[in-house]
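Quick notes on the structure that follows.
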Amino acid sequence: MTRGAVLTRLLAAAEAAGLALARLDEAIDPGAPTDGHDADLLAAWRPWRDWIALVRRQLEETPWQLCVAIPRGAVLALYLARDDAGDFLVLDLHRAMTAQLVPFVDADVALNGAIVENGVRRLRPGQATSLRELQHRLVHGRPRRPGTSIDPALLAEAGGLAWRRVLLRALARRPGLMARVAAARLGDTLACWWRPPGHMWVVSGPDGAGKSTLIADLADRLPGQLATDVRLFHTRPFLLPRLAGLRRNRPEGPKAERTGKPGKVASLLRLGIAWADWHVGYWLLVRPHLVCGRMAIFDRHAADYRVAPLARGIAAPQPAIDLIARLIPRGTGLLVLVADPALLVARKGELELAEAHRQVAAYRTLAGGEPAALLLDSSAETPNRLAARALAWMIARCAS
């Protein structure tokens, strides 16, 4: 099923259910293919849960999944994807046409005056283009597309292109709608802080397994397909600094050269700082991105401490390290990359063969003990195939 077929099915289902819904990106033919992965829709003012439920029902028994829903008061962004990560569709449902939270026209009036043909609602020719153009000019102060005109009746209804006049017109003619939009935006913001629409992922594995390649591929694919943007972190947020100066000539890090066994005090202090950083950094650095619908990807995270604690300057009992790792924000899923130990040694040369064997076995055990983990063998598959498998698994996790 193509993106256009999904969109047409949704429009027809909305009309059959008595919910006004029309395309904003194509006024002439509601069944026309989408322009890229995005589609804008003008929707009747209903609770977001009604629209989300309608979309989910239409995706049943199809290869498509609703992965992410980002409410923003007047707009609901829905990220849809095929099970196999072969295609994506982003739906923006506008239940109020706003510019900087000011409703410049009454969307219900436009929907009530729309035409219903073949069981699908569409706006009058040129109206959708005018709405999008007027919104873009009010927000950005420049034309969306050169030469695009705006319906004079719509321009008069909005109060023109001067921002002060638009605001005064909205206060005079649509005060109830303005209050409704502001209250909805506040409510959606609080709801997103309580349950962020974005997702946090962890990519872990020994050096040379291909983590950096996979993360770069995901960071290139995810924006605009499963998230508004992607933020990358290494091991931990590092809101709290490294304990580099605790022991002379013993810098903290996975590639640091260490001789001898770290002391108990230094080990516990490093472990405590890491635990505090995962918590404080999550709330101050990571969660704000998730609230906005972005995705956070960690390279290593706590799995690195569990498998190779000595590389982090920690010589604490393994049960204590495992407990700390389980008492931090876990995220949506863990992707564990392994490879043939000899290949790891050949790629990086940072591990002895025996240590490479131990780490690969430890990471396999770690992945097997996590309910939300995917084990990938980079020595058996190409980077493109690994990224495709990872993305398909992430889609399934987001939709669950």
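For the chain, taking a cut-off of 4.7 Å between Cβ atoms, the unpaired cysteines are C192, C292. The rule of thumb for compact globular proteins, 2.2 N^0.38 Å, goes into the C-alpha radius of gyration of the range 297-384 1.11 times.
The Cβ shell under 11 Å around G198 holds other residues with a net charge of +3, Lys and Arg each +1, Asp and Glu each -1.
Looking at the chain alone, DSSP beta bridges between its own residues are antiparallel in about 50 percent of cases. Summing +1 for each Lys or Arg and -1 for each Asp or Glu among the other residues whose beta-carbon sits under 15 angstrom from that of A346 gives -3.
Given their separation in residues at 0.36 nm each and the Cα-Cα distance between them, R165 and T148 gain 3.9 nm when the chain is fully extended. Each label was represented as a point 7 Å from its Cα along the Cα-to-Cβ direction; for V139 and T382 these points are 3.8 nm apart. Around the Cα centre of the chain, unit charges on the Cβ atoms of Lys, Arg, Asp and Glu (plus for the first two, minus for the last two) sum to a dipole of about 1500 debye. Considering only P288, L343, A367, and ranking their Cα positions along the charge dipole of the range 200-399 that arises from unit charges at the beta-carbon of Lys, Arg, Asp and Glu, the one farthest toward the positive end is P288.
What is the dipole size for the range 111-248, taken about its Cα centre, with +1 at each Lys and Arg Cβ and -1 at each Asp and Glu Cβ, in debye to the nearest 20?
For the range 111-248, the charge dipole is close to 500 debye.
Once Cα extents along the principal axes in Å is calculated for the structure shown, the corresponding label among (i) 79, 42, 36; (ii) 76, 53, 44; (iii) 79, 46, 39 turns out to be (i).
How large is log10 I(q)/I(0) at q = 0.17, 0.21 Å⁻¹ when the Debye formula is applied to the Cα atoms of the range 78-159, each weighted equally and without solvent? Taken in order of the listed q values, log10 I(q)/I(0) reads -0.80, -1.04.
Once the C-beta distance of E61 and R124 is scaled by a Förster radius of 25 Å, the resulting FRET efficiency is 0.15 to the nearest 0.05.
Among A85, A162, L11, flag the residue with its Cα farthest along the positive direction of the charge dipole of the range 3-194, charges on Cβ as +1 for Lys/Arg and -1 for Asp/Glu. About the Cα centre, the residue reaching furthest to the positive side is A162.
What does the C-alpha gyration tensor say about the overall shape of the range 200-399? Classify as rounded when a/c is under 1.5, otherwise prolate if a/b is larger than b/c, or oblate. Oblate, since a/c reaches 1.5 and b/c is not below a/b. Mean residue ellipticity, 222 nm, helices only, the chain: the sum of -39500 (n - 2.57) across DSSP H runs of n ≥ 4, divided by residue count and rounded to 500, is -13500 deg cm²/dmol.
Between K264 and H279, 0.36 nm times their residue separation minus their Cα-Cα distance comes to what? Length gained, K264 through H279: 3.1 nm.
Here's the picture: charge each Lys and Arg Cβ at +1 and each Asp and Glu Cβ at -1 in the chain, and of L134, L42, T189 the one pushed furthest to the positive end of that dipole is T189.
Taken along the Cα-to-beta-carbon direction at a fixed 7 Å, the label points for A219 and F238 span 1.2 nm.
Dipole magnitude for the range 264-343: computed about the Cα centre from +1 point charges on Lys and Arg Cβ and -1 point charges on Asp and Glu Cβ, it is near 220 debye. In order along the range 285-295, phi translates into HN-Hα couplings of 10, 7, 4, x, 5, 5, 4, 7, x, 7, 10 Hz, rounded to whole numbers, per the Karplus curve 6.51 cos²θ - 1.76 cosθ + 1.60 with θ = phi - 60° and x for Gly and Pro. GNM on the chain, alpha-carbon springs under 10 angstrom: the most fluctuating residue among V338, V116, V55 is V116.
Cβ crowding within 10 Å ranks S379, S212 as S212, S379, fewest other Cβ atoms first. Only aspartates and glutamates eight or more places from K261 in sequence, or on another chain, were considered; those with a Cα closer than 20 Å are E252, D304, D322, E350, E352, E355. Report the calculated FRET efficiency for A5 and A396 (r = Cβ-Cβ distance, R0 = 22 Å), to the nearest 0.05. Computed FRET efficiency for A5 and A396 comes out at 0.55. The modelled label-to-label distance for the pair D84/A362, using points 7 Å beyond Cα in the direction of Cβ, is 3.9 nm. Taking K and R as +1 and D and E as -1, what net charge do the other residues with C-beta under 15 Å from the C-beta of R385 add up to? Net charge in that neighbourhood comes out at -2. Considering only the Cα atoms of the range 3-194, their convex hull presents on average a projected area of 11.1 nm².
Since every read-out is calculated from the coordinates, none of them should be taken as a lab result. Model, not experiment: these values are computed from the prediction. Cβ: placed from backbone, ideal geometry, glycine included. Neighbour counts: every protein chain shown.
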